[in-house]
Amino acid sequence: MAQIVSTKPLSVAQREKLARFGDVACPPEGRRFSQAELFAALQDAVGLITFGTRVDETLLEQAPSLKVASTASVGYDHFDLAAMRRRHILGAHTPHVLDDTVADLGMALMLAVARRIVELDGYVRGGEWKKGDEEALYGVDVHHRTLGIVGMGRIGRALAKRAKFGFSMNILYHARSRHDDVEQAFGARYADLPDLLHESDFVVLLTPLTPDTENLMNEERFRRMKPSAIFINLSRGKTVDEDALVQALREGWIRGAGLDVYRQEPVPPDHPLLSLSNVVCVPHIGSATQATRTAMLDLAIDNLIAVLDGRTKDAYIVPELRDLAEEG
Ligand code: 8YV
């Protein structure tokens, strides 16, 4: 029976770091736990390291000694916060370390869709070099266009920096509140969501998934976008009504989309989005560089150790559960 459980493999050094709390259970390299294996491993666990596994009543019933769930991600919509609160279980996450990497993917998707990179790669490989240079397949510029960022946190700032100083873009943003630092640093302008959608050439969604942001991008909102605009989702799939997005892409309400996240992951291969040439899809890899994924896992381990050592102020506890940490 293990005291620490990780849902993904850990290196020897990572396991050694945790060994003073007792046995460490994780799947072997190249494998994942089945649900039964995970539940069996959790019976004595005080700490859980997760990468998106739902931490809800069903899992917590199998983990009666658990004190902390530490996710190697900045998003924590897989935490059932009410269930964790009822059982006084702290939740930690990994902000900061992935900001630049996710912002890089934001630029990559904007560029890939605008310049039709994936589609043109297909023509070159398929021996249709000439077709790729036809006017009908010209791209659109990214530089000097207007970028609307929805959700202005750390990643939003990293994206705004790239867009402003690398690509001379005008920045609009929408968030729950205004941010003077963003307006001063990037000359960004705050806009209501309908105005942002109406004025932007690129709309990048970075908002966390909450009850308020579920289906934020629906038919009405896609219809507000320019027919020449490109939509990028780096948040969570459930912030978007995918049926409306498919219709928007098919019927030309918008020009294209770049997606890292989907309502169902993995996306079913017959999903209509995957049949559209004006969409570039990647499999939820916003933070997936070797360096950043290592930094995220290291931080998740440090967060877990800090909580178990009673140093909760040294851990990135998710805001909604910070009062539990203060109670001790
Ligand atoms: C993770 C993410 O890679 O951090 C997040 O919230 O979406 C990604 O960086 C993903 O959640 C898997 O851990």
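Of the residues Leu147, Leu109, the single one that is within 16 Å of the ligand (Cβ to nearest atom) and of a type in the set (A, V, I, L, M) is Leu109. Look at the range 107-132: where a residue is not assigned by TED's automatic domain parsing to the domain that holds Arg255, no partner that is open to solvent by 50 Å² or more (accessible area, probe 1.4 Å) and hydroxyl-bearing (Ser, Thr, Tyr) sits 6+ places away or on another chain with Cβ atoms under 6 Å. Quick check on the range 310-328: of everything there that is more than 14 Å from His88 (Cα to Cα) and touching a residue at least 40 places away in the same chain (Cβ under 8 Å), which residue is surrounded by the most Cβ atoms within 10 Å (Cβ to Cβ)? The qualifying residue surrounded by the most Cβ atoms within 10 Å (Cβ to Cβ) is Ala315. Selection over the range 277-287 of residues that are without any contact (Cβ under 8 Å) to a residue 24 or more places away in the chain and within 11 Å of the ligand (Cβ to nearest atom) gives a count of 1. Taking the criterion of being surrounded by 15 or more Cβ atoms within 10 Å (Cβ to Cβ) and either under 30 Å from the mean Cα position of the chain (by Cα) or closer than 16 Å to Phe202 by Cα (or both), the residues of the range 119-137 that qualify are Glu119, Leu120. Anything in the range 138-155 that is hydrophobic (A, V, I, L, M, F, W, C) and open to solvent by 20 Å² or more (accessible area, probe 1.4 Å)? List them, or say none. Scanning the range 138-155 gives Val140, Ile155. Exactly one residue among Val203, Val140 is among the β-branched types (Val, Ile, Thr) and either in contact with a Lys or Arg (Cβ under 6 Å, 6 or more places away or on another chain) or outside any loop (DSSP other than H, G, I, E, B) (or both), and that residue is Val203.
Among the residues of the range 162-220, those identified as among the aromatic types (Phe, Trp, Tyr) and farther than 24 Å from Pro319 by Cβ are Phe165, Phe167, Phe186, Phe202.
Within the range 288-309, if we keep just the residues that are of a type outside the set (S, T, N, Q) and open to solvent by 60 Å² or more (accessible area, probe 1.4 Å), the residue that is farthest from the ligand (Cβ to nearest atom) turns out to be Asp309.
The values are calculated or read from the model by the stated rules, or taken from the named source; none is laboratory data. Since the structure is predicted, the reported quantities are computational estimates derived from the model, not experimental observations. Quick reminder, even Gly has a Cβ in these numbers, built from the backbone with ideal geometry, and neighbours come from all protein chains shown. Just the protein is used for accessible areas: all its heavy atoms, side chains included, with ligands, DNA and RNA removed. Shrake-Rupley method; radii C 1.70, N 1.55, O 1.52, S 1.80 Å.
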